[in-house]
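Report on one structure; see the data block that follows.
The values are calculated or read from the model by the stated rules, or taken from the named source; none is laboratory data. The structure displayed is predicted, hence computed values, not measured ones. When we count neighbours, we look across all protein chains shown, and the Cβ atoms used for this are built from the backbone with ideal geometry, even at glycine. Note: areas computed on protein heavy atoms with side chains; ligands, DNA, RNA excluded. Shrake-Rupley method; radii C 1.70, N 1.55, O 1.52, S 1.80 Å.
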Amino acid sequence: MKKYIVLCAGLCIALSFTSCKSSESAYKKAYEKAKAQETTLVQEAEPTTTVVAPVQTQVAPANTTTYDNGDNVNVRQESLSVLNGSGLQAFSVVVGSFGLKANAEGLVNQLRSQGYAAQLAYNSDRNLYRVIASTFGNKMDAVSSRDKLRAYYPDAWLLYNVK
């Protein structure tokens, strides 16, 4: 008799666990329904949708001066000393800032392997190593280079070197 009760209790427990199991098909149907509604909404909104290009803004760190010379291109002004490279011209494109020199040197080597005349500079005021991908005598060439580099380094920015 005890065996019969234990067997029935075990069978009831097994059935209760299997009945609680969720059905994958129910989730799949709900997902497909939501996807269809989303597709319908996108198709309805397509003719009236206007694409707006995102505005990229950069926040200048404290203790740096940012200039907008009327051409809507911001330039930071810092005093740097070149540690590794041929020297900086008036405008440079900075693609990385590091607290550790080894990390900065790694990015410099990577840029050089890609064909850039990368340089390593040090900002003693902020205790940061700046990785400079390219340097130019005029601002427009620097802006063009920065825009190309932003495909791989989205936070690239312009630096005016205070001599």
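From the list Asn127, Asn123, the lone residue that is within 20 Å of Lys101 (Cβ to Cβ) and open to solvent by 50 Å² or more (accessible area, probe 1.4 Å) is Asn127. Scan (1) part of a loop (DSSP other than H, G, I, E, B); (2) at pLDDT below 85; (3) of a type in the set (A, V, I, L, M, F, W, C) for the single condition Val42 breaks and write down its number. Among (1) part of a loop (DSSP other than H, G, I, E, B); (2) at pLDDT below 85; (3) of a type in the set (A, V, I, L, M, F, W, C), Val42 violates only (1).
For segment 110-120, the set of residues classified as closer than 18 Å to Ala151 by Cβ and open to solvent by less than 20 Å² (accessible area, probe 1.4 Å) consists of Leu111, Ala118, listed by residue number. All conditions in (1) modelled with pLDDT of 90 or more; (2) within 20 Å of Asn72 (Cα to Cα); (3) not small (Gly, Ala, Ser) hold for Asn138, with the sole exception of (1). Of all residues in segment 150-163, those satisfying the criterion of being more than 8 Å from Val95 (Cα to Cα) and either open to solvent by less than 20 Å² (accessible area, probe 1.4 Å) or among the aliphatic types (A, V, I, L, M) (or both) are Ala151, Leu158, Leu159, Asn161, Val162.
Table: residues versus (1) touching a strand residue (DSSP E or B) at 6+ places or on another chain (Cβ under 9 Å); (2) at pLDDT 65 or above; (3) open to solvent by 60 Å² or more (accessible area, probe 1.4 Å); (4) within 16 Å of Leu149 (Cβ to Cβ).
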{"position": "Glu38", "(1), (2), (3), (4)": "no, yes, yes, no"}
{"position": "Thr49", "(1), (2), (3), (4)": "no, no, yes, no"}
{"position": "Gln58", "(1), (2), (3), (4)": "yes, no, yes, yes"}
{"position": "Pro61", "(1), (2), (3), (4)": "yes, no, no, no"}
{"position": "Phe91", "(1), (2), (3), (4)": "yes, yes, no, yes"}
{"position": "Gly99", "(1), (2), (3), (4)": "yes, yes, no, no"}
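Across segment 110-145, the qualifying residues are those that are more than 18 Å from Gly87 (Cα to Cα) and part of a helix (DSSP H, G or I), and the one among them that is nearest to the chain's Cα centre (by Cα) is Gln110. The requirement of being over 18 Å from the mean Cα position of the chain (by Cα), open to solvent by less than 50 Å² (accessible area, probe 1.4 Å) and aliphatic (A, V, I, L, M) is not satisfied by Leu107.
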